[in-house]
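Trainee: Sharing a structure below in structure tokens format, with a few things to ask.
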Amino acid sequence: MKRASPSVFLTLLFVLFSSISLHSAFAQTPELPKEPEALLAGIADADFETKARMIDALATSGHPRANIVLDALIAGTLLTTSDGKVVIQAGGNAKTYVDALSGQPVAGLTDDKVSKIGVNNRLRRDLRGLSARLSLMSPSEATRRTAAAGAFSAHDPETLPFIEEALKKESVPPIRQTLEQTRAAIILQMPDASEDDKLAAIALLQARGDRDALSLIVVARDSDSLKLRMAAATAIDSVNASLAYWGVLQNVYYGLSLGSVLLLAGIGLAITFGVMGVINMAHGEMMMLGAYTAFLTQQVLQSMAPWLMEWSLPIAIPAAFLVAGAMGIVLERGIISFLYGRPLETLLATWGISLFMQQGVRTLFGPTNKAVSTPSWMSGAFDIGHLTITYSRLSIIVFSMAILALLMAFLKHTHFGMQMRAVTQNRRMAASMGVRTNWVDALTFGLGSGVAGIAGVALTQIDNVSPNLGQSYIIDSFMVVVFGGVGNLWGTLVGAMTLGVANKLLEPYAGAVVGKIMVLVFIILFIQRRPRGLFALKGRAVEA
Amino acid sequence: MTSTLLGNRSLYLYVTLAGLGVLVPMANLLTPETSPLHLSTYVVTLLGKYMCYALLALALDLVWGYCGILSLGHGAFFALGGYAMGMHLMRMVGPRGVYGNPVLPDFMVFLNYKELPWYWHGFDNFLFAMAMVVLVPGLLAFIFGAFAFRSRVTGVYFSIITQAMTYALMLAFFRNDMGLGGNNGLTDFKDIFGISLQQGATRNAFYVASIVALAAGYAICRAIVTSKLGKVLIAVRDAESRTRFLGYSVEKYKLFVWVVSACLAGVAGALYVPQVGIINPSEFAPASSIEAVIWVAVGGRGTLVGAIIGAVLVNAFKSWFTGAIPELWLFALGGLFVLVTLFLPRGILGLLGRRGAGRQQTSVHAPKARSEGDTQPVKGARA
């Protein structure tokens, strides 16, 4: 291969350089009109250099729709018509057009009468900066908030003038704060900023105290000035401490939401185990049944009443309760009632039932995961400090608490609840007093299974709906019941929350699996000390 | 009269096992492949597997049938024995692995281990490995049982924590950091005593070894249950508190039989691994432990022979069924659980030996009495 001589490169470089300087010198010449309408009219035919200046002029013109026009230009929906008008294509597929500056609909336009106004990469970058700047000035508070957050994560030194400009006008405190932090982030990066400015910037970012702030401050650690380095080191420590604190809080929140799931899963088990002394190994499958009921409800609503889709989950809850509850009563009458007094055999029989139900669902619905959609009011999140609270997790927490409260009220204030408690405490005595214990058993089993069905509906929001859904929760829910003690819903609550939070707090240090193993080992050890759980029933009946 | 019946039963079993132990290898090795009497090596290995399952079932029956301890975690002891054997076989691979490392097994080279973890040392010695096959499950059972029985964790509570135990072990063994092959477990074994595991003769040898182990296990269990100690065990099963009040140290009896049972399960696992050629954490899955319980229930618990019959029958049925209509197997297994508990509480042997088996009858029905209240509120109202 022949090597090119250095002189060829030099010549090429020279040609390139001179052409650039020529080009920019040439581009200075034309004078631009001042009015936005006139500016826009010429934009279609201008070269990119002129376009850049036109856009700049448009942005500074203060026209109320300047922002919209710029965004349309980025999105490629700013079009020019054959008779020289500039329009924005509005609807997606419907293709409606509005005048770019007035916003009035333009009738009678079709695809072939318009052509796109082209942009190149440089222009696109300019446009983004201008658009961000315009958004910072936007009259809408929400737009300004988003723009400020965007400016912070970009912290581009070139945007500093806009930020200063925006800060002068901004009156909403949180947006002001973000803008100040953005300014601090930019100042920290600038080599020529004064030491005092930088110190102030570090203090501001330290107050922000999140991971973004940390990565910005870390840069200042390598500064030449001792004072800056010290300030940065202190700030890093402080931010780390605050991050750790919020991290623990976030994990506690995750733990509470996991605990709520465990509570939902365990509560039905606690009821049946408490009243009948029967371990229902098919409990997980009752949850699965509830989850599939939710799936079916959505399918039916989708085809019959799509406007109800938003409320499909609230509709699925009673449906799942009925389906799983009915299944529970059938199982109790058909199989379990023949096995009373033989708890170990009941355990085996219900295990058989669980296998049967898994395979049944697999045969009916197939082995693949089913999608249960999340209603829009359950998606999204909000922040408390640095804590992100997602609506879906929050709904599960609130929901499980509501179910617990409902069940407690039911047990305490209804006739049937009283009978259930009587049978739990002393079956023979209750029978002697005229309680129809087998009737109570059947309904209790139905109630426990129904609650499991409801838990299944909640699980659709955090887990895959598959025939194996129940299997993954059964051991955890047993642990909750064993830990919390039988026949006492407070115990179930404390057990579920403790296990959930312990699991999530151990996870960052030990990893998910080891954390889980540690919790299991802990329970195995715990049960040695308190064989009947945290909140054991006392009295002769239990010790019999 | 009953004792002669039981004695006969043992005799039948020994004769059957001896017959199987002699005839099957003969049919495999001495007959030409075209002969109608010929058994393929595959069948021999399959039968060997059944014998290992039978030994596991026997171990379960010893604790469940005679002491009323329903373990949902015996698969853990089985798997631990299997891992001990697997570790020995792994060390025997030597430099023939894919990476050719003379000491480290392939998966360790793959996971960048620099040296053998401490617990792998000694497994190159066959006798040491065999000691571990018994000691590791035995030690786990001892610690677990000592805690549980001392705190009087009984009945379903005990069953549930045994399930938690095997579940925790499964999670632990799934981890790569455990140094036991993680997900894939231990596999790609080459030979034992320098003889290839793939050879027909080796297969037959393992089959015979499984039969011998099963017979020995049966002899041990028989010795335990027919001794005075066995009577105490049955007393514990039928009325734990009453036995305690009579002055017996119930915990010690339970602990003894529990540890013996775990050791037997470990031996079963150790014989199982070279025959199937792999051991992985799925053996710890709670489902496989419960499946073993149903073998005992099908055969008839508290009979020992029943456990063996149940294990072989259910597994033969499973082999046939999963070959013919695999998608319906869970229906069949689930149905088996329900039907056996509802209609066949004393298993197949209970059905066969209905006449004259007075002792069997009382012993199986006895738990229906108020002694069950040891675990939870009495359900006398409906019994």
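Trainee: Against the empirical 2.2 N^0.38 Å scaling, what ratio does the C-alpha Rg of region B:157-216 come to?
Mentor: With N residues counted in region B:157-216, Rg over 2.2 N^0.38 Å equals 1.63.
Trainee: Taking all pairs of distinct Cα atoms, average 1/r, flip it, and tell me the Kirkwood hydrodynamic radius of region A:272-368 in Å to one decimal place.
Mentor: Hydrodynamic radius (Kirkwood, Cα only) of region A:272-368 equals 14.6 Å.
Trainee: Does anyone have the angle between helix B:2-29 and the longest principal axis of chain B? Alpha-carbon axes, 0 to 90°, nearest 10?
Mentor: Taking the Cα atoms of chain B, the angle to B:2-29 is about 20 degrees.
Trainee: Another question about this same structure. So if we plug the beta-carbon distance of A:D383 and A:V218 into 1/(1 + (r/R0)^6) with R0 = 25 Å, what FRET efficiency do we get, rounded to 0.05?
Mentor: With R0 = 25 Å, the Cβ-Cβ based efficiency is 0.60.
Trainee: Among B:P95, B:P286, B:P274, whose mean-square fluctuation peaks in a Gaussian network model of chain B (Cα, cutoff 10 Å)?
Mentor: Comparing B:P95, B:P286, B:P274 in a Gaussian network model of chain B, the most mobile one is B:P95.
Trainee: To continue, here is another question. Around B:M132, with a cut-off of 13 angstrom between Cβ atoms, what is the net charge of the other residues, counting Lys and Arg +1 and Asp and Glu -1?
Mentor: 0
Trainee: If the limit is 32 Å between Cα atoms, which of A:K168/A:K198; B:K114/B:K318; A:K85/A:K168 go over it?
Mentor: Those over the limit are B:K114/B:K318; A:K85/A:K168.
Trainee: Still on this structure: Using a/c under 1.5 as the rounded threshold, could you call region A:138-224 rounded, prolate or oblate? The axes a ≥ b ≥ c are square roots of the C-alpha gyration tensor eigenvalues, and prolate needs a/b larger than b/c, oblate otherwise.
Mentor: Prolate, because a/c is 1.5 or more and a/b exceeds b/c.
Trainee: Using amide H atoms built in the peptide plane, which far-off residues or other-chain residues are under 5 Å from A:V114 H to H?
Mentor: Residues meeting the amide H criterion: none.
Trainee: In a shell of Cβ-Cβ distance under 11 Å around A:V261, excluding A:V261 itself, what net charge do Lys and Arg (+1) and Asp and Glu (-1) give?
Mentor: -1
Trainee: Could I ask something else about it? In whole angstrom, and with the biggest value first, how far do the Cα coordinates of region A:25-121 range along each principal axis?
Mentor: The Cα atoms of region A:25-121 stretch 44, 26, 25 Å along the principal axes, largest first.
Trainee: Compute the length gained on full extension between B:K190 and B:W320: take 0.36 nm times their separation in residues and subtract their Cα-Cα distance, giving the result in nm to one decimal.
Mentor: The span from B:K190 to B:W320 would gain 43.9 nm if fully extended.
Trainee: Working from Cα positions, state the angle (0 to 90°, nearest 10) between the long axis of helix A:173-189 and the longest principal axis of chain A.
Mentor: Tilt of helix A:173-189: around 60 degrees.
Trainee: Checking the a/c ratio against 1.5 first, then a/b against b/c, what shape does the Cα gyration tensor give for region A:226-285?
Mentor: prolate
Trainee: Continuing with this model, one more query. Hey, what do the phi angles of region A:393-410 turn into as Karplus ³J(HN,Hα) couplings, whole Hz, using 6.51/-1.76/1.60 and θ = phi - 60°, x for Gly and Pro?
Mentor: Each residue of region A:393-410 in turn: 5, 4, 4, 5, 4, 4, 4, 5, 5, 5, 5, 4, 4, 4, 5, 5, 4, 4 Hz.
Trainee: If you don't mind, another one. Given the DSSP H assignment, sum -39500 (n - 2.57) over each helix run of at least 4 residues in chain A and divide by its residue total; what's the result at 222 nm in deg cm²/dmol, nearest 500?
Mentor: Helix-only estimate at 222 nm: -23000 deg cm²/dmol.
Trainee: As a footprinting exposure proxy, order A:S131, A:S115, B:S10 by other Cβ within 10 Å, with the fewest listed first.
Mentor: A:S115, B:S10, A:S131
Trainee: Is the shape of region A:416-533 rounded, prolate or oblate, going by the alpha carbon gyration tensor and its root eigenvalues a ≥ b ≥ c, with a/c under 1.5 for rounded and a/b larger than b/c for prolate?
Mentor: Oblate, because a/c is 1.5 or more while a/b does not exceed b/c.
Trainee: Could you state the angle between the C-alpha long axis of helix A:489-510 and the longest principal axis of the C-alpha atoms of chain A, as a value from 0 to 90 degrees rounded to the nearest 10?
Mentor: In chain A, helix A:489-510 runs at an angle near 40 degrees to the longest axis.
Trainee: Among B:P32, B:P117, B:P102, determine the one that fluctuates most according to a GNM of chain B built with springs between C-alpha atoms less than 10 Å apart.
Mentor: B:P32
Trainee: Can you flag which of B:K231/B:K252; A:K116/A:K169; B:K49/B:K190 are past 24 Å Cα-Cα?
Mentor: Over 24 Å Cα-Cα: A:K116/A:K169.
Trainee: So, in nm, how far is label A:A305 from label A:R145 when the simple model puts each one 7 Å beyond its Cα toward the Cβ?
Mentor: Taking the two extended label points, one gets 3.4 nm.
Trainee: Oh, and also: Can you put B:M165, B:M51 in order, fewest other beta carbons within 10 Å first?
Mentor: Ranking B:M165, B:M51 by Cβ neighbours within 10 Å, fewest first, gives B:M165, B:M51.
Trainee: Report the calculated FRET efficiency for B:A216 and B:L116 (r = Cβ-Cβ distance, R0 = 35 Å), to the nearest 0.05.
Mentor: The value I calculate is 0.60.
Trainee: Of all trypsin sites (Lys or Arg not before Pro) in region A:416-496, which ones are in loop regions per DSSP and have a Cβ with at most 16 other Cβ atoms within 10 Å?
Mentor: Within region A:416-496, the qualifying trypsin sites (Lys or Arg not before Pro) (loop, at most 16 other Cβ atoms within 10 Å) are A:R436.
Trainee: Could you please rank B:F158, B:F174, B:F245, placing first whichever residue has the fewest other Cβ atoms within 10 Å of its Cβ?
Mentor: Arranged by neighbour count, lowest to highest, B:F158, B:F174, B:F245 become B:F245, B:F174, B:F158.
Trainee: Follow-up question, since we're still on this one. Would you kindly calculate the mean projected area, averaged across all directions, of the convex hull enclosing the Cα atoms of the protein assembly as shown, in square nanometres?
Mentor: 57.0 nm²
Trainee: How high is the relative contact order of chain A? Use alpha-carbon pairs under 8 Å, at least six apart in sequence, and give a whole percent.
Mentor: 15 percent.
Trainee: Under a crude label model (7 Å from the Cα following the beta-carbon direction), how far is B:M26 from A:R211 in nanometres?
Mentor: Using points 7 Å along Cα→Cβ, the separation is 7.2 nm.
Trainee: Using 0.36 nm times the number of residues separating A:A154 and A:S376, minus their current alpha carbon distance, what extension gain do you get?
Mentor: In short, 77.0 nm is gained.
Trainee: Right, here's the next one. According to the Kirkwood expression over distinct Cα-Cα pairs, how big is the hydrodynamic radius of chain A, in Å?
Mentor: 29.2 Å
Trainee: Ok, one more. Express in nm, to one decimal, how much length is gained between A:N369 and A:S392 on full extension, taking 0.36 nm for each residue of separation and deducting their alpha carbon distance.
Mentor: 6.3 nm
Values quoted throughout were computed directly from the atomic coordinates according to the rules given, and no laboratory measurement underlies them. All figures in this text were calculated on a predicted structure; none of them were measured in a lab. Note that we place each Cβ from the backbone using ideal geometry, even for glycine, and neighbour counts take in every protein chain shown.
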